[in-house]
Amino acid sequence: MDIFSQIQNTVAESVKELFGIDTEASKVQVQMTLPEFTGDVTVVVFPFVKLAKMAPDQLGEALGKHLAGKMDVIAGHNVIKGFLNLELRPDFWQQFLGGLLANPTYGSKPKNGKKVMVEYSSPNTNKPLHLGHVRNCLLGWSSSKLLEAAGYEVVKVQVVNDRGVAICKSMYAWQEYGAGKTPESTGIKGDHLVGDFYVLFEQKTKEEYEAWQQSAAGKALYEAEKKEGQDAADYFKKYKNKWFNEHSVLGAAVREMLLKWEANDPEVRALWEQMNSWVYAGFDTTYEALGVAFDKLYYESNTYLLGKEIVEEGLAKKVFYKKEDGSVWVDLTDAGFDEKIVLRSDGTSVYITQDLGTAQMRYEDFGVERMVYVVADEQNYHFSVLFEVLKQLGEPYAEGLYHLSYGLVELPTGRMKTREGTVVDADDLMAEVNRIAREQAQERGGLPEVLTPEQEENIRKVGLGALKFYMIKVNPKKRMIFNPEESVELQGQTGPYIQYSYVRIHGLLLKAAKENIDRATANAYTDIQPQELALLKSLYSYPAMVEQAAESYDPSLVANFCYALAKDYHKFWHDLHVLQAETEAAKAFRVSLSQAVGQVLQSGMLLLGIEMPERM
């Protein structure tokens, strides 16, 4: 039992004995004492004031004395208004530090027998992974690691959107303008090559549309349908989708290709398989470089027809209803939504149909109690509706569904657009942060032109760590701007700042090992300084913080914890001597404390998928 639980139980007993107040131990408010006050653990006494009919200070003083008599671990106390601050004996911190160092999995809980599925990335096969996918992947991966640390068995999956109009656009462009180009013949990574043809298709479509606007048909339509005061540019901007579906030659060609794909046309299917294989190879390379992986992949080409049986069951249960045209709908107005189509009149699926079937398939595959969907906040409404429909259908897993909604990520130059070719590819982004990390390392230490494998590996860890930390440190629900230059800075709230703390500790431990310090003498150190106490309190709070981050699906809590811990360690390093400490006991204690900080920093950063270099 941790010290918080011990104090909660003892406070519950004490207020019963002193004031006749019955309270549940779990409801006693206990927290770490704020840095500006003297003490280690604070008990909030306000909830007992009215029932005891005592002033907060008087009640706190009586409770503090009573607790000190019942708990040997308490060395002293003070009361500030309605807060009882308890000071813990030095040997409590000594025992805690020793236990932490002896526990390589400190911060993780035992397996709880529960299973969670986390879906993330879920790209389209018409383009490479981009900056938005990077944030998605990092949130999904780190949330998975946090859930594992909290005791869950985690299944990591993605749905690959490998069919549809957008995919056919790339295929058609390659067929018409590709001249047989392949990744091997061009030296271009497969997903980038396919993405280039998607952009090319959009360029060709733009050219076709501009020409059509100047044609007799286009001009006539504008004159016939324009609203009063509406210029041609505004009209044609709003008309583009309708033009593509009704007048565009390229649009017709793509729709024909999609129909052939759905009819299993051998030639179209062969082209589809070939180009998708290029993309998958490219994705795998990117995922490996980013340090993320999956336990199972689902493909939209296999799942897009799923859900029809569920729709039939929903009709039988009267959850759904059929309109005169044969389309099937669900009325969600009582749940605060509107009416939603779940099957078209021609019997074809819509997105939610597929998602209903996929959810059912994944439950049958893994029997998970929770399903976490990592998807941008643009899809908030869709997932709210999906989850409500599954609840009304009475699915056994419906209560365990969660949408990890995150804000879009932009560059300082603004938002990216795939169709215009302005998206920053994930590969280019990783290369850029590695380039910046290399340049900064050369500026600081004069690295040679030709680096050793170890130096190259350290630069990779710093660059990738900078990218990941910068992405994850922001609460998922917030939109963010990613600044590559800023992310690699050694000062401020960055990954390299934390990595530098670890490198400093690693160097200290190497020096300490040469001195053969007797670590056992650390137990004689009782004059714990404020800088040391701040570190001990942070280390003690680590497991609870990890659990909170897991349950709230918020890896930014871990990122900010690691930054605060590194910052406290820099202050400790600056203010106190370690290897030149005033006594052998102080030296041994501070070396052990440094080792514990390094251990927790490495543990926390690994939960974010960030590796620690040994040199910078």
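Annotations
Here's the yes/no breakdown for (1) within 27 Å of residue 595 (Cα to Cα); (2) open to solvent by 20 Å² or more (accessible area, probe 1.4 Å):
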| site | (1), (2) |
| --- | --- |
| 38 | yes, yes |
| 41 | yes, no |
| 47 | no, yes |
| 62 | no, yes |
| 69 | no, yes |
| 72 | no, yes |
| 75 | yes, yes |
| 83 | no, yes |
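- Residue match in the range 477-496 (condition: at pLDDT 95 or above, hydrophobic (A, V, I, L, M, F, W, C) and buried (at least 20 other Cβ atoms within 10 Å of the Cβ)): no
- The numbered conditions (1) touching a His at 6+ places or on another chain (Cβ under 8 Å); (2) modelled with pLDDT under 95 are all true for residue 317 except (1).
- Residue tally, condition over 15 Å from residue 8 (Cα atoms), within 44 Å of the chain's Cα centre (by Cα) and hydrophobic (A, V, I, L, M, F, W, C), over the range 60-79: 2
- The one condition in (1) open to solvent by 60 Å² or more (accessible area, probe 1.4 Å); (2) under 21 Å from residue 163 (Cα atoms) that residue 279 fails to fulfil: (1)
- Beta carbons closer than 7 Å, at least 6 apart along the sequence or on distinct chains, pair a first residue in the range 208-236 that is surrounded by 16 or more Cβ atoms within 10 Å (Cβ to Cβ) with a second that is of a type in the set (Val, Ile, Thr) for 208/249.
- As for the range 514-532, it holds no residue that is within 24 Å of the chain's Cα centre (by Cα) and part of a helix (DSSP H, G or I).
- Residue in the range 287-310 that is farthest from residue 158 (Cα to Cα), counting only those that are small (Gly, Ala, Ser) and in a loop (DSSP other than H, G, I, E, B): 307
- Flag if residue 466 is open to solvent by less than 70 Å² (accessible area, probe 1.4 Å), assigned to a helix (DSSP H, G or I) and touching a residue at least 40 places away in the same chain (Cβ under 8 Å): no
- Residue 541 fulfils the conditions (1) open to solvent by 30 Å² or more (accessible area, probe 1.4 Å); (2) at pLDDT 95 or above; (3) touching an Asp or Glu at 6+ places or on another chain (Cβ under 8 Å) except for a single criterion, (3).
- Pick from the range 573-602, criterion in contact (Cβ under 8 Å) with a residue 60 or more places away in the chain and open to solvent by 40 Å² or more (accessible area, probe 1.4 Å), ranking: nearest to residue 290 (Cα to Cα): 602
- Residue 189, sole failed condition from (1) under 37 Å from the mean Cα position of the chain (by Cα); (2) open to solvent by less than 50 Å² (accessible area, probe 1.4 Å); (3) among the charged types (D, E, K, R): (2)
- Residue 507, sole failed condition from (1) surrounded by fewer than 16 Cβ atoms within 10 Å (Cβ to Cβ); (2) at pLDDT below 95; (3) part of a helix (DSSP H, G or I); (4) not hydroxyl-bearing (Ser, Thr, Tyr): (2)
- Selection from the range 269-309 of residues that are of a type in the set (Val, Ile, Thr) and modelled with pLDDT of 95 or more: 279, 285, 286, 292
- Within the range 118-160, the set of residues being of a type in the set (D, E, K, R) and at pLDDT below 95 comprises just one member, 127.
The values are calculated or read from the model by the stated rules, or taken from the named source; none is laboratory data. These numbers were taken from a predicted model, which means no experiment stands behind them. Positions of Cβ are backbone-derived with ideal geometry, glycine not excepted, and every protein chain shown enters the neighbour counts. For the accessible areas, the whole protein counts, side chains as well, though only heavy atoms, and no ligand, DNA or RNA atoms are used. Shrake-Rupley method; radii C 1.70, N 1.55, O 1.52, S 1.80 Å.
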